[in-house]
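Visitor: Below you will find the structure I want to go over with you.
The values are calculated or read from the model by the stated rules, or taken from the named source; none is laboratory data. What you see is a predicted model; the values in this text were computed from it and never measured. We place every Cβ from the backbone using ideal geometry, glycine too, and count neighbours over all the protein chains shown. We work out accessible area using only protein heavy atoms, side chains counted, and drop any ligands, DNA or RNA first. Shrake-Rupley method; radii C 1.70, N 1.55, O 1.52, S 1.80 Å.
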Amino acid sequence: MYQRLWSWMMYLFGLTLQALWQCEYDEKVAAGSLNKTQYSGTWYFVMMAADSETSLLKFRAMDSAVFLLTPMKAKEKLHLRGEIRLRQSTNCLSRHWLYHISNETQEMILEGRPELKTELFVKDGDDYIMLLETQEKGLETFRRLMLYGRSPTLTNNIRLGFEHRASCLDLMAIFVLEQAQEPCEIS
C-alpha cells in the first residue's frame, strides 16, 4: 500500500515539475544587447494575448498590420513604423513609435510612455519575435504579449507555442488578426 501511495505521489510530483519547467523560457533578449541590424526590417503583427478582453479592444478593429523596424543613428533608439488596415476600411493607418534601449535595463522604453515596459523574446530562429508589454501605473494597466512574424502566415506549431506562453503568463484573452484583406504596403 505504501509503495502504491509513494508511486502516486512521485507521479504527481513529476507532473507538477514538468508543468513548471515547460513555462520557463530562455528566449528573452536584453534590450542593451539587442542586435538592431538582425531584427530590423519588415514584421507582420499576427496575434496577441492579454490579461483581459478590455486590453484587446482597440486591437480587435484591426484586420492586418505590417511594421518596419529601423535602427536609428542614435545607438540607443529604434524606430517602429506601422501600416494598419482596419476591418471596416480599405485605407491604412500610419503610426510610428520610438523605443529607447539602454544597457541599464532589460526592457525597451517607449518614448513619451516611461511607464510602459517592453520585453523582447525571439522565437524559432529569427522568423518570429514576441513583445511583452507591461504597464502597471497610469490610467490604463495591462499586460499583453504580441507575436510578430517575418511572414503574415501563422503555423499551427507557432500558434500553439504562443498560446502556451500566454497561458504561462496568465494572459487568457487571445486575438488572432483576421487578415482578410491584403496587408498595407510599407517601405
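Visitor: Return one whole number: the accessible area per residue of the range 100-140 in Å², for a 1.4 Å probe.
Guide: 56 Å²
Visitor: Pick from Met108, Met146, Met62: which residue has the top mean-square fluctuation in a GNM of the chain where Cα pairs under 10 Å get a spring?
Guide: Top of the fluctuation ranking is Met62.
Visitor: Follow-up. Check cross-link reach from Lys75 to the lysines: straight Cα distance under 26 Å, and skip same-chain residues fewer than eight apart.
Guide: Lys28, Lys36, Lys117, Lys123
Visitor: Running a GNM on the chain with Cα contacts under 10 Å, which residue among Ala50, Ala74, Ala166 ends up with the highest mean-square fluctuation?
Guide: Ala74
Visitor: Shifting gears a bit: So what's the net charge close to Glu119: Lys and Arg +1, Asp and Glu -1, counting the other residues with Cβ under 11 Å from its Cβ?
Guide: The answer is 0.
Visitor: Further, regarding this structure: For Ala61 and Glu182 in one chain, what is 0.36 nm times their gap in residues minus the Cα-Cα distance, to one decimal in nm?
Guide: Extra length from Ala61 to Glu182 when fully extended: 42.0 nm.
Visitor: Then there's this: Could you work out how much longer the chain between Glu27 and Leu98 gets when fully extended? Use 0.36 nm per residue separation minus the Cα distance between them, nm to one decimal.
Guide: 23.3 nm
Visitor: Hey, rough spin-label estimate for Arg113 and Ala74, points 7 angstrom out along Cα→Cβ, what's it come to in nanometres?
Guide: 1.8 nm
Visitor: Give the carbon-plus-sulfur fraction of the accessible surface of the chain in %, rounded to a whole number; probe 1.4 Å, heavy atoms of protein chains only.
Guide: Ligands and nucleic acids excluded, carbon and sulfur reach 54 percent.
Visitor: Next up: Relative contact order (percent) for the chain, with alpha-carbon contacts under 8 angstrom and 6 or more residues of separation?
Guide: 28 percent
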